[in-house]
């Protein structure tokens, strides 16, 4: 009997030893993530830190291969590349997908709404935003993991951009979506082009200016080596860069891995908002010293932009998902005292 018991015990131990590598292998998660940011600018460095944090916190169980500067597919194609399995995750932004559904405008860049990254993140995590947005992403076989918001963007221009009047006939690079409509109402001539094409378009004079990113990122892109006008602080756009993953891939991940990635995104969001407060201020001082003109808009001109932006929201609330998101934002903006209607 003792011999039999010992044999059974040995067999069980052998099975555990043999099966352990298989169990460990099942716990591995490998992800291919593309961002439109270059590795050398501030947001690119933050994306790299996110990947490193996730890999460390998972003890190497989550392996991330990052693709920078939209090196696999164009920025606007990243979402579909992840949904179809060419990539696993999209680290660009929802506003690139407004052609798919205008609702993506209101998870990508509401424009003329929130004043700070903290207010916008508050809607996502405490204003019902994540639940509302998740329905939209899931409809397209994607999972919204989280946001990282670097604050108000600054424009770059070869001509002065001191006020609304300076927008008349101003040709500038615009992302797709609602921004084109808003700036057309203000007299500008937006030209939609990929993020990676901005430098060359400015260099060759195809455009007068660009809506690219925050001031520090614009410095990293080298835009102020070409042009000498910008606005600071920014006011027109505060995009929510997202991390969105193929839903089937996400659902197949161990719960612990999903939790690590979600909490790491919250850390990335806070780190991004805090770091850009510092980096943008440093960039502003550096640019002034180099002779770049920085324009702070008057309250009257800022209100003219907000009015044009908020008048455009209903034009994009043309699907049930978009209508629901606009309603959610307006309810929360009212709570924050940022809109009165």
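The values are calculated or read from the model by the stated rules, or taken from the named source; none is laboratory data. Predicted model, so just to flag it, every value in this text is computed and none were measured. We place every Cβ from the backbone using ideal geometry, glycine too, and count neighbours over all the protein chains shown.
With respect to residue 54, determine if the residue is touching a strand residue (DSSP E or B) at 6+ places or on another chain (Cβ under 9 Å), outside any loop (DSSP other than H, G, I, E, B) and either under 26 Å from residue 278 (Cα atoms) or at pLDDT 95 or above (or both). Yes; evaluated as a whole, the condition is true for this residue. Where strands (runs of 3 or more DSSP E) sit wholly within segment 228-341, those with at least 2 residues that are closer than 30 Å to residue 60 by Cα occupy 241-246. In segment 125-148 there is no residue matching the filter, namely being within 15 Å of the chain's Cα centre (by Cα), in a loop (DSSP other than H, G, I, E, B) and crowded, with 24+ Cβ neighbours inside 10 Å. Among the residues of segment 71-107, just one is in a helix (DSSP H, G or I), free of Cβ contacts under 8 Å to residues at least 40 places away in the same chain and either in contact with a strand residue (DSSP E or B) (Cβ under 6 Å, 6 or more places away or on another chain) or over 25 Å from residue 214 (Cβ atoms) (or both), namely 80.
Of all residues in segment 211-227 being over 16 Å from the mean Cα position of the chain (by Cα) and part of a loop (DSSP other than H, G, I, E, B), which is surrounded by the most Cβ atoms within 10 Å (Cβ to Cβ)? Filtering first and then ranking leaves 227.
All but one of (1) exposed (fewer than 13 other Cβ atoms within 10 Å of the Cβ); (2) in contact (Cβ under 8 Å) with a residue 24 or more places away in the chain hold for residue 275, so report the exception by its number. Of everything listed in (1) exposed (fewer than 13 other Cβ atoms within 10 Å of the Cβ); (2) in contact (Cβ under 8 Å) with a residue 24 or more places away in the chain, residue 275 misses just condition (1). Taken as a whole, the condition of being in contact with a strand residue (DSSP E or B) (Cβ under 6 Å, 6 or more places away or on another chain), buried (at least 24 other Cβ atoms within 10 Å of the Cβ) and under 23 Å from residue 68 (Cα atoms) does not apply to residue 193. Screening 234, 222 for residues that are free of Cβ contacts under 8 Å to residues at least 24 places away in the same chain and closer than 24 Å to residue 155 by Cα leaves exactly one candidate, 222.
Kindly indicate the residue of segment 189-210 that is assigned to a helix (DSSP H, G or I) and in contact with a helix residue (DSSP H, G or I) (Cβ under 8 Å, 6 or more places away or on another chain) and also nearest to residue 163 (Cα to Cα) among those meeting that condition. Filtering first and then ranking leaves 202.
Among the criteria (1) over 17 Å from the mean Cα position of the chain (by Cα); (2) closer than 24 Å to residue 226 by Cβ; (3) modelled with pLDDT of 95 or more, the one residue 183 does not fulfil is (3). For residue 110, state whether it is buried (at least 19 other Cβ atoms within 10 Å of the Cβ) and part of a strand (DSSP E or B). Answer is no for this residue.
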